Amino acid sequence: MSIKLLIFIALTVYAEGASPSSIPGKILEIDFADHRFSPQTLVVQAGQPLQIKVVNSSREKIEFESFSLNREKVIEPGESITVRLPALRAGSYDFFDDFHQDVPEGTIVAR
């Protein structure tokens, strides 16, 4: 890809006020550490399929679970998974650690 094209894309994204999570094809990341997900709220573009890498930076096994996204996956300490999602309709989609009920829920917001 040429440098001119990269500059054009960057300027277009900046001019339109798009967040990095709305760029198609980008793998987003959620990290679990210190008994919380970070970021706790992830804003994505509605109508675009996406991939989210969930990293377990803790020393405990966790379970990334979301009823609204129909996803459930155990993640060992120091490991990561990739959650592939179809194009989401505008709305909020909660996720949580099913093994640790005291952990604040996270939310994926599709706009």
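The values are calculated or read from the model by the stated rules, or taken from the named source; none is laboratory data. None of the values given here were measured: they were computed from a predicted structure. For the accessible areas, the whole protein counts, side chains as well, though only heavy atoms, and no ligand, DNA or RNA atoms are used. Shrake-Rupley method; radii C 1.70, N 1.55, O 1.52, S 1.80 Å.
Residues in the range 19-111 average 57 Å² of solvent-accessible surface per residue, probe 1.4 Å, ligands and nucleic acids excluded. Would you mind calculating the relative contact order of the range 28-107 from Cα pairs under 8 angstrom and at least 6 residues apart, reporting the percent as a whole number? With pairs under 8 Å counted, the relative contact order is 33 percent.
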